[in-house]
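Step one of this worksheet: look at the structure below.
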Amino acid sequence: MIQSLQRGLGILELIAKDGTGLTMAEVSRKIGLHTSTTFHLLRTLTSLGYLVQDETTREYHLGSKVFRLAASVLIEVQILNISGPLLAEMAQQTGETSHLAIFEHGEVIVIDKVDGSSPVHLSDRVGYPRPAHATAIGKVLLAHLPEAELKAFLDRRELRPFTPKTVTAVPILEQELVRVREQGYAFDDEEFAQGIRCLAVPVWNFTGHIVAALGISGPVWRVSLDRVAQLMELVKAIGHRLSQELGSPADSWNNERQSLKP
């Protein structure tokens, strides 16, 4: 065991558990270290971004580096462990193929999927890129990109037509993305593959940011227009539960809708 590392991590855990901020004297007393040792450990953790100190109260709080590390773990590992059972539940309830996707290096990547209970399954593969502009999961992820990233994407990407219904004009796609943000879900009506409809919702993490899109896909005779509203409620409910599992503030979606109002 490396003693200084053990002590530094102990300080992080102590401040995280407290939740309100601690002064150097309080940290020293609670962790049982001499004040000079505590001072050097706190200064090191602060300089590295793991802690921040309030200039007025002199209290230490967790820094942004801790949250970035936590977010990375959730995206890369835990999100799959958490989403698996929920994807299976959504596939069982809807009978349709359920999938989870992320936006990476300008592409939409499906990172997990569960086939529905219907004997007819879609042949989409995990890890295979999907066109962002022509899929429900893609539109959800595009709609929540920072403005500069979205502009860069639209400037460099060709909006290739996959079916007669694919949106290929940038102004029309931008209007569609505004609707996605306002309503909290996206709909793909045979825009990527003829005979296939898809529904998708955003997945939020504990920082209130979108980390993935959750959706279902199915043939038009099962995902009928009369059934879309019912299916969307199920998808939204599962998306909300997954977001909660990832620590999302309960009102992330409602807060964003409010911020879009003039």
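Read-outs throughout are calculated quantities, based only on the coordinates presented, and are distinct from any laboratory measurement. Since this is a predicted model, take the numbers as computed values, not measurements. Cβ sites come from the backbone with ideal geometry, for glycine too, and all protein chains shown count toward neighbours.
Things worth noting here:
- ALA169/GLN3 FRET efficiency (R0 51 Å; Cβ-Cβ; nearest 0.05): 0.20
- Spacing of the modelled spin labels on GLU147 and LEU80, each 7 Å from Cα toward Cβ, amounts to 3.6 nm.
- Applying a DSSP loop filter and a limit of 15 other Cβ atoms within 10 Å to the trypsin sites (Lys or Arg not before Pro) in region 1-97 leaves ARG58.
- The slack between ARG160 and LYS65, meaning 0.36 nm per residue of separation minus the straight C-alpha distance, is 30.3 nm.
- Amide H within-cut-off set for ASP112, under 5 Å, with H built and near neighbours excluded: LEU100
- Lysine pair count for the chain with Cα-Cα distance under 27 Å and sequence separation of 8 or more or different chains is 14.
- Amide H partners (placed H, <5 Å) of GLU59, local residues excluded: ASP54
- Exposure proxy ranking for ASP18, ASP226, ASP54, based on other Cβ atoms within 10 angstrom of each Cβ and starting from the fewest, stands as ASP226, ASP54, ASP18.
- At most 11 other Cβ within 10 Å, DSSP loop - GluC sites (Glu not before Pro), region 140-175: GLU158
- Note, ³J(HN,Hα) from phi for region 227-244, Karplus 6.51, -1.76, 1.60, rounded to Hz, x at Gly and Pro: 9, 4, 4, 5, 5, 4, 4, 5, 5, 4, 5, 5, x, 5, 5, 5, 4, 5
- Temperature 20 °C, viscosity 1.002 mPa s: under these conditions the Stokes-Einstein estimate for the chain, based on its Kirkwood radius over C-alpha pairs, is 104 µm² per second.
- FRET efficiency, GLN92 to VAL52 (Cβ-Cβ, R0 41 Å, nearest 0.05): 0.35
- Karplus (6.51, -1.76, 1.60) ³J(HN,Hα), θ = phi - 60°, over region 93-106, in Hz, Gly and Pro reported as x: 6, 8, x, 10, 5, 9, 8, 10, 9, 10, 9, 9, 6, x
- Residues VAL52, VAL140, VAL180 in ascending order of nearby Cβ atoms (within 10 Å, fewest first): VAL52, VAL180, VAL140.
- Inter-part distance where region 49-63 and region 141-215 are each reduced to a Cα centre, Å: 39
- Phi angles of region 201-213 translate, via the Karplus equation with coefficients 6.51, -1.76, 1.60 and θ = phi - 60°, into HN-Hα couplings of 9, x, 10, 9, 10, 5, 8, x, 10, 6, 10, 6, 10 Hz per residue; Gly and Pro are given as x.
- Relative contact order of the chain: 14 percent, from C-alpha pairs under 8 Å at least 6 residues apart in sequence.
- Calculated on the alpha-carbon coordinates, the convex hull of region 3-62 measures out at 70 cubic angstrom per residue.
- Long-range amide H partners of ALA212 with built H, under 5 Å: VAL203
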